[in-house]
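*Asks:* A single structure is presented below for examination.
The values are calculated or read from the model by the stated rules, or taken from the named source; none is laboratory data. From a predicted model like this one, the values you see are computed outputs, not experimental measurements. In this analysis, Cβ positions are derived from the backbone assuming ideal geometry, glycine residues included, and neighbour counts consider all displayed protein chains.
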Amino acid sequence: RAVARFKKGFAALGALTGPTRDLDVYLLQEASYRDRLTPALQPGLDLYFQGLAQRRRLEQKKLARSLRAKKTAALLADWQRCLQQVQQQPTEVAPIAVKALADQVIRRHHKKVLRLGLALEATTPDVEVHSLRIQCKKLRYAIEFFSSLYGKEAIGEVVRHLKALQDILGTFNDLSVQQTMLRQAVESLSGTPGREATAIAAALGGLQQSLFAEQQGLRRHFAEAFAQFSDPQTSEICHHLFRQHQEPI
């Protein structure tokens, strides 16, 4: 009951921080975006970032008001009381040993990563690539949560290859989100004066092309990284670490 109650409250709190966080990320990209454009397109980029900075100031004020609100204070106070009032009582003996449970959880996520990764092609939609990224995250969380049950060196080898996949997929997702944001920005230029709108649209169009080209390159890098993650040597390590236990618990 406590999980269901506070999960909803903290999800709402997280949603409040989203717009400000996203705008912070975009504003931090200004220098790198500028390097992607020819000098002729950079004035349009300046106009675009001026608008982003103004939006960020407004969103930050909204966020500050929300964080100071009585509703937020009440949520945090209730959460603190909940943590302090929980009665710690011994649980029943589980029907399965923790190592066997860990093997099951990790093996399930590992199989999903392999299945999704093998299905990835040059034309796979971004949303499906994002699904693979989520599965890689779940697999890594599971491995690191149960890491004390396994050999440090062997588990480190698996995590190293998995982290390489996550780095590529994380950058790929960022590029996808940025392209979507730029497309939406172009579509919202209807109320902008003609010359400014033209300059901004030209700059954002150039950025989208540059981001797309980088994203396509990451697809090729992913194929190389996934080949290492799924190669016979790494697969054998995973099979040995997370093998199916047949003996009774």
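*Asks:* Out of all the residues in the range 75-86, is one or more out of contact with any Asp or Glu (no Cβ under 9 Å at 6 or more places or on another chain), under 27 Å from Asp231 (Cβ atoms) and aliphatic (A, V, I, L, M)? Working first, answer last.
*Replies:* Going through the range 75-86, the residues out of contact with any Asp or Glu (no Cβ under 9 Å at 6 or more places or on another chain) turn out to be 75-86.
Filter once more, keeping what is under 27 Å from Asp231 (Cβ atoms): none.
Within the range 75-86, not a single residue is out of contact with any Asp or Glu (no Cβ under 9 Å at 6 or more places or on another chain), under 27 Å from Asp231 (Cβ atoms) and aliphatic (A, V, I, L, M).
*Asks:* For the range 24-57, which residues satisfy the criterion of being without any contact (Cβ under 8 Å) to a residue 60 or more places away in the chain, among the hydrophobic types (A, V, I, L, M, F, W, C) and over 22 Å from Glu214 (Cβ atoms)?
*Replies:* Matches in the range 24-57: Ala53 only.
*Asks:* Test Ala164 against the stated conditions and say whether it is within 29 Å of Leu37 (Cβ to Cβ), surrounded by 15 or more Cβ atoms within 10 Å (Cβ to Cβ) and of a type outside the set (Lys, Arg). Give the steps one after another, and end with the answer.
*Replies:* Numbers: within 29 Å of Leu37 (Cβ to Cβ): no; surrounded by 15 or more Cβ atoms within 10 Å (Cβ to Cβ): yes; of a type outside the set (Lys, Arg): yes.
No; evaluated as a whole, the condition is false for this residue.
*Asks:* If you don't mind, there's one more thing I want to ask. Which condition does Val127 not pass, out of (1) in contact (Cβ under 8 Å) with a residue 60 or more places away in the chain; (2) of a type in the set (A, V, I, L, M, F, W, C); (3) closer than 28 Å to Gln215 by Cα, if it passes all the others?
*Replies:* (1)
*Asks:* Scan the range 22-57 residue by residue and report those that are at pLDDT below 90 and either more than 18 Å from the chain's Cα centre (by Cα) or among the charged types (D, E, K, R) (or both).
*Replies:* Matches in the range 22-57: Asp22 only.
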